Amino acid sequence: MFLRLDGRPCLVVGAGTIAAPKIESLLRAGGVVTVVAPRASERVMQRAENSEITWFQREFTDADVAGYFLVIAATDIQAVNHRVAEASRAAGILCNSVDDPPDCDFFYPSVVRRGDLQIAISTAGKSPALSQQLREEIDEMLAHDAGVWLDQVGETRLRVLKAYPAGEERKAALHQLARRESCDPQACPVQQTLDRLLAKDGSR
Ligand SMILES: C[C@@]1(CC(=O)O)c2cc3[nH]c(cc4nc(cc5[nH]c(cc(n2)[C@H]1CCC(=O)O)[C@@](C)(CC(=O)O)[C@@H]5CCC(=O)O)C(CC(=O)O)=C4CCC(=O)O)c(CCC(=O)O)c3CC(=O)O
Ligand SMILES: NC(=O)C1=CN([C@@H]2O[C@H](COP(=O)(O)OP(=O)(O)OC[C@H]3O[C@@H](n4cnc5c(N)ncnc54)[C@H](O)[C@@H]3O)[C@@H](O)[C@H]2O)C=CC1
């Protein structure tokens, strides 16, 4: 599952080395981030100064979780992280605890990105180092232009959806479109069929 966090309030408890990249990824996903921590890393302080996040410079209390969509427990004190997870669970809020996989409702994966194309790797907490290693291997294997290719496929797919009625023929065209050899617009058989179809019927 890939979450779209646009405008959703997210709480991060702790603002150190491990919290900082979690905060960045919440912001990247569109989350509205609040941080509670007595001390913060340079990057987090900068974000707060720029009003990109809200930082309450104090220790966590159970009432802090109220109203959040999700919570990250990222302090260096296990007992505090556990309390954050318990308070979240009691309030029915999803929680990720950076030092305790059984306390996590969701995990942060390793991610290979090419534009809108994302490949996420998770080991359900068994070996983050393995996730990281596989990310590096997949990153080397995956074409650098895969994101550009996806953009082209996405655009042509919309044209296919318009040009063909739902059914086997449409599905076959969409599978054909997703093949690597179709990525050259000049050589793409789906593009050629589409051009023929659209030439026949200007309304499509
Ligand atoms: C459960 C989870 C909770 C969560 O954070 O969501 C969690 C928990 C813990 N991580 C620990 C250690 C390490 N974590 C990393 C790195 C990453 N950790 C990430 C995710 C997750 N880590 C979630 C599970 C994801 C999964 O299962 O795949 C990644 C994938 C994504 C991200 O953080 O964004 C990111 C790689 C990003 C990338 O580069 O691709 C490294 C590597 C390094 O630092 O060099 C090490 C040292 C090597 C090792 O331990 O394997 C420890 C022990 C701490 C201690 O006591 O020392 C715990 C707690 C425990 O296991 O008890
Ligand atoms: N998930 C992961 O990938 C990994 C997780 N870890 C775990 O992450 C934890 C955090 O490590 P770092 O970020 O390096 O620590 P750090 O020392 O850089 O930061 C700790 C943060 O917790 C805050 N804090 C402490 N007590 C608090 C309280 N009562 N209320 C609110 N905030 C409080 C501090 O102010 C600080 O911002 C470690 O316990 C470690 O087990 C470590 C490595 C990888």
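The values are calculated or read from the model by the stated rules, or taken from the named source; none is laboratory data. Quick caveat: nothing in here was measured; it's all calculated off a predicted structure. Cβ sites come from the backbone with ideal geometry, for glycine too, and all protein chains shown count toward neighbours. Please note that ligands, DNA and RNA were not included when accessible areas were found on the heavy atoms of the full protein model with its side chains. Shrake-Rupley method; radii C 1.70, N 1.55, O 1.52, S 1.80 Å.
Go through segment 153-168 and give me each residue that's aliphatic (A, V, I, L, M) and either modelled with pLDDT under 95 or closer than 29 Å to R113 by Cβ (or both).
Residues satisfying the conditions are V153, L158, V160, L161, A163.
Tell me, which residue of segment 127-159 that is basic (K, R) and touching a residue at least 24 places away in the same chain (Cβ under 8 Å) is farthest from L177 (Cα to Cα)?
R135
Of all residues in segment 101-113 being over 16 Å from S25 (Cα atoms) and more than 6 Å from ligand 1 (Cβ to nearest atom), which is least open to solvent (accessible area, probe 1.4 Å)?
D103
Considering each residue of segment 114-125, count those that are open to solvent by 40 Å² or more (accessible area, probe 1.4 Å) and touching a residue at least 24 places away in the same chain (Cβ under 8 Å), and give that number.
5
Which of the following residues is under 28 Å from D116 (Cβ atoms) and exposed (fewer than 15 other Cβ atoms within 10 Å of the Cβ): Q57, Q78, Q46?
Q46
Can M45 be described as closer than 16 Å to F106 by Cβ and more than 9 Å from ligand 2 (Cβ to nearest atom)?
The answer is no for M45.
Could you look through segment 84-98, keep only residues that are more than 23 Å from M1 (Cβ to Cβ) and surrounded by fewer than 19 Cβ atoms within 10 Å (Cβ to Cβ), and pick out the one that is farthest from ligand 1 (Cβ to nearest atom)?
A90
Do you know which of the residues in segment 17-35 that are open to solvent by 70 Å² or more (accessible area, probe 1.4 Å) and assigned to a helix (DSSP H, G or I) is nearest to D76 (Cα to Cα)?
The residue in question is P21.
Report, by residue number, each residue of segment 80-100 that is without any contact (Cβ under 8 Å) to a residue 60 or more places away in the chain, more than 25 Å from the chain's Cα centre (by Cα) and within 9 Å of ligand 2 (Cβ to nearest atom).
R83 - this is the single residue of segment 80-100 that is without any contact (Cβ under 8 Å) to a residue 60 or more places away in the chain, more than 25 Å from the chain's Cα centre (by Cα) and within 9 Å of ligand 2 (Cβ to nearest atom).
Any residue that is modelled with pLDDT of 95 or more, buried (at least 16 other Cβ atoms within 10 Å of the Cβ) and under 23 Å from F2 (Cβ atoms) - is there at least one of those in segment 169-178?
Within segment 169-178, none of the residues are modelled with pLDDT of 95 or more, buried (at least 16 other Cβ atoms within 10 Å of the Cβ) and under 23 Å from F2 (Cβ atoms).
So F60 fits all but one of (1) more than 15 Å from ligand 1 (Cβ to nearest atom); (2) without any contact (Cβ under 8 Å) to a residue 40 or more places away in the chain; what number is the exception?
(2) is the only condition that F60 fails.
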